[in-house]
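**Q** Supplied in structure tokens, the structure appears directly below.
No lab work stands behind these numbers, since they all come straight from the coordinates. Small disclaimer: the values here were computed from a predicted structure and weren't measured. Cβ placement follows ideal geometry from the backbone for every residue including glycine, while neighbour counts extend to all protein chains displayed.
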Amino acid sequence: MKIKELKKRTGPDQNEKLMKAFVQFDNLLGELKKKDLSEDTVLLINQGVDQINSFSESEKELIKRIAKIQTGILSQVEKIHKVVVKNHYRNLWMALGMASFGLPLGVAFGMSLGNMAFLGIGLPIGMAIGIAVGSGMDKKASEEGRQIDLEITH
């Protein structure tokens, strides 16, 4: 089964955010076409493309719909095929590092120094740990060929 094409939308009052979302989604489809995906995954992608192609509500709603479909596709591709976009693990682990390493370290600093104002010291330390771990995982995914040559921006 083949991944469907995204219909181009043109108009004199085209929204810049909408154009960026369309280009990003189209680039994602192009990168996914290069990968060997299962029939179920291709069917999910084609359903998302059909939803976008037939969408007729406001531009703002279309931008939200594109982001939602894109996130669903990326989640499914990651879950089934272990394929991720650039900096996926870095972004994920940055938040995890701040929450799981940074806050406990900050609490430990605050308690040991007797002033809970030092709670914020742990957050950048946790962020650095998370970025280091995530970057390592991204590098490993790239070496294994499990990374899509695209960075997602919302």
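**Q** Amide H neighbours of V85 under 5 Å, counting only residues 5+ apart in sequence or on other chains, H built in-plane at 1.01 Å?
**A** The answer is I148.
**Q** Report, please, the projected area of the chain averaged over directions, based on the convex hull of its C-alpha atoms, in nm².
**A** Values: hull surface 45.3 nm².
Dividing the Cα hull surface by four gives the mean projection, 11.3 nm².
**Q** Could you work out [θ]222 nm for the chain from helices alone, using -39500 (n - 2.57) per DSSP H run of at least four and dividing by all its residues? Round to the nearest 500 deg cm²/dmol.
**A** Details: 6 runs with 99 residues, N = 154.
-21500 deg cm²/dmol, from helical runs alone.
**Q** Continuing with this model, one more query. Work out Dmax and Rg for segment 88-151 from the C-alpha atoms and quote the Rg first, both in angstrom.
**A** 14.8, 49
**Q** Roughly how tilted is helix 122-143, in degrees to the nearest 10 and between 0 and 90, from the longest Cα axis of the chain?
**A** 40
**Q** Quick one: divide the alpha-carbon radius of gyration of segment 2-80 by 2.2 N^0.38 Å and tell me what you get.
**A** Working it through for segment 2-80, the quotient is 1.08.
**Q** Testing the spin-label approximation: label points 7 Å from Cα along Cα→Cβ at E78 and K8. State their distance in nm.
**A** That separation, rounded to one decimal, is 3.2 nm.
**Q** Note the angle between two axes, namely the Cα long axis of helix 103-113 and the longest principal axis of the Cα atoms of the chain, as a number of degrees from 0 to 90, rounded to the nearest 10.
**A** Taking Cα atoms only, the helix is inclined about 20 degrees.
**Q** For the residue pair N87 and S100, what label-to-label distance in nm results when each label sits 7 Å from Cα along the Cα-to-beta-carbon direction?
**A** Distance between label points: 2.2 nm.
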